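Encoded as structure tokens, the structure appears first; notes follow it.
The values are calculated or read from the model by the stated rules, or taken from the named source; none is laboratory data. Everything quoted here is computed from the prediction, not taken from an experiment. No Cβ is skipped: glycine too gets one built from the backbone with ideal geometry, and neighbour counts run over all protein chains shown. Areas reflect the complete protein model, heavy atoms only, side chains present, ligands, DNA and RNA absent. Shrake-Rupley method; radii C 1.70, N 1.55, O 1.52, S 1.80 Å.
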Amino acid sequence: MSWVRLDGEVRTPVSFRVDGQPLEARSGDTVLTALLSAGENWLCRSEIDDSPRAGFCVMGVCQECRIHVVGHGPARACTTLVEAGMEVMRR
């Protein structure tokens, strides 16, 4: 099934992995959007007490959504677009 954006663009499925687990997103989704759409409500763990953390500003400023993209390094989940075959590691 394909999704259609409000602007009429057809959004095709894209498969990627998060912490070794397969996940499906739509083309044009950010990693944060894909995770939230899949029911995943955390991105990293607090450096202070290891509690789960999620996106905060959702525009790349606050750094709360830091992830690691295998082969590319650190990234922000709210501004990084999902790519087919991408491997993401949460902290």
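Before moving on, here are some points about what is shown:
- Among residues of the stretch 67-84 that are in contact (Cβ under 8 Å) with a residue 60 or more places away in the chain, those with a beta-carbon under 7 Å from a residue that is of a type in the set (A, V, I, L, M) and not in a strand (DSSP E or B) at least six positions away or on a different chain give the pairs 82/31; 82/34.
- Residue 60 open to solvent by less than 40 Å² (accessible area, probe 1.4 Å), out of contact with any His (no Cβ under 8 Å at 6 or more places or on another chain) and either of a type in the set (Lys, Arg) or more than 18 Å from residue 86 (Cα to Cα) (or both): yes
- For the stretch 21-35, a tally of residues being open to solvent by 20 Å² or more (accessible area, probe 1.4 Å) and under 8 Å from the mean Cα position of the chain (by Cα) returns 2.
- Meets criteria (under 26 Å from residue 11 (Cβ atoms), of a type in the set (Lys, Arg), in contact (Cβ under 8 Å) with a residue 12 or more places away in the chain and open to solvent by 40 Å² or more (accessible area, probe 1.4 Å)) for residue 45: no
- Residue list for the stretch 81-91, restricted to those being at pLDDT 95 or above and part of a loop (DSSP other than H, G, I, E, B): 82, 83, 84, 85, 86
- Exactly one residue out of 70, 82 is surrounded by 15 or more Cβ atoms within 10 Å (Cβ to Cβ) and among the β-branched types (Val, Ile, Thr), and it is 82.
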